[in-house]
Amino acid sequence: MAPPTPVYDRFDILTRYGEKLDNPDKYQCSLKSLVQSECTFKLSNPGLPPEVICLPFKRLFQRCLVPTTIVQDGKRIKADKWVNIEVTHEHTNRGLFHDPKYDSNVKKFLQAEKDLSRMLQDE
């Protein structure tokens, strides 16, 4: 399982980590990725279990060595720590929507999301 990663919007990421992302060599940054499943379910007839539809969702991270100050034995000392900065953006998973291998699942997934949203609004 991936370590917990705070969720920031693009502006927050650039404000907080802009220099690290602009100077990856200085901070020994390396690009990392993981694939998670994004799932939804399609409601079926009452009494039947819903169909679960999952798509692979890629997340990208820059792993950088960032200087920090820590408290050890009551004293502040300078140290470096590894930080995972999520750099996934709207184009990262674009290929999924153009891959014939996933075409039918993408359509089913999107339709199931619309149906679920409609059902929740009606209630």
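Structural remarks
- Of residues in region 93-115 being assigned to a helix (DSSP H, G or I) and among the charged types (D, E, K, R), the one farthest from I53 (Cα to Cα): R94
- Hey, C64 under 30 Å from I13 (Cα atoms) and either in contact with an Asp or Glu (Cβ under 7 Å, 6 or more places away or on another chain) or touching a residue at least 24 places away in the same chain (Cβ under 8 Å) (or both) or not: yes
- Meets criteria (surrounded by 11 or more Cβ atoms within 10 Å (Cβ to Cβ), modelled with pLDDT of 90 or more and either within 17 Å of the chain's Cα centre (by Cα) or on the phi > 0 side of the Ramachandran plot (or both)) for S33: yes
- Selection status of H91, closer than 16 Å to L34 by Cα and surrounded by fewer than 10 Cβ atoms within 10 Å (Cβ to Cβ): yes
- Looking only at residues in region 1-30 that are farther than 22 Å from S117 by Cβ and β-branched (V, I, T), the one that is surrounded by the most Cβ atoms within 10 Å (Cβ to Cβ) is I13.
- Near pairs, Cβ below 9 angstrom, 6+ apart or cross-chain, from region 15-30 (free of Cβ contacts under 8 Å to residues at least 60 places away in the same chain) to any residue that is part of a helix (DSSP H, G or I): K26/E19; K26/K20; Y27/E19; Y27/K20; Y27/L21; C29/K20; C29/L21
- Yes/no for K42 being closer than 30 Å to S117 by Cβ, surrounded by 11 or more Cβ atoms within 10 Å (Cβ to Cβ) and modelled with pLDDT under 90: yes
- Selection status of R76, part of a strand (DSSP E or B), out of contact with any Pro (no Cβ under 9 Å at 6 or more places or on another chain) and surrounded by 10 or more Cβ atoms within 10 Å (Cβ to Cβ): no
- Here V7 fits the description: assigned to a loop (DSSP other than H, G, I, E, B) and in contact (Cβ under 8 Å) with a residue 40 or more places away in the chain.
- Filter result (among the aliphatic types (A, V, I, L, M), loosely packed, with under 15 Cβ neighbours inside 10 Å and part of a strand (DSSP E or B)) within region 45-59: V52
- Within the option set E90, E113, E86, being within 17 Å of the chain's Cα centre (by Cα) and touching a residue at least 24 places away in the same chain (Cβ under 8 Å) holds for one residue only, E86.
The values are calculated or read from the model by the stated rules, or taken from the named source; none is laboratory data. All values derive from a computational prediction rather than experimental measurement. Ideal geometry is used to build each Cβ from the backbone, glycine not excepted, and the neighbour counts take in all protein chains shown.
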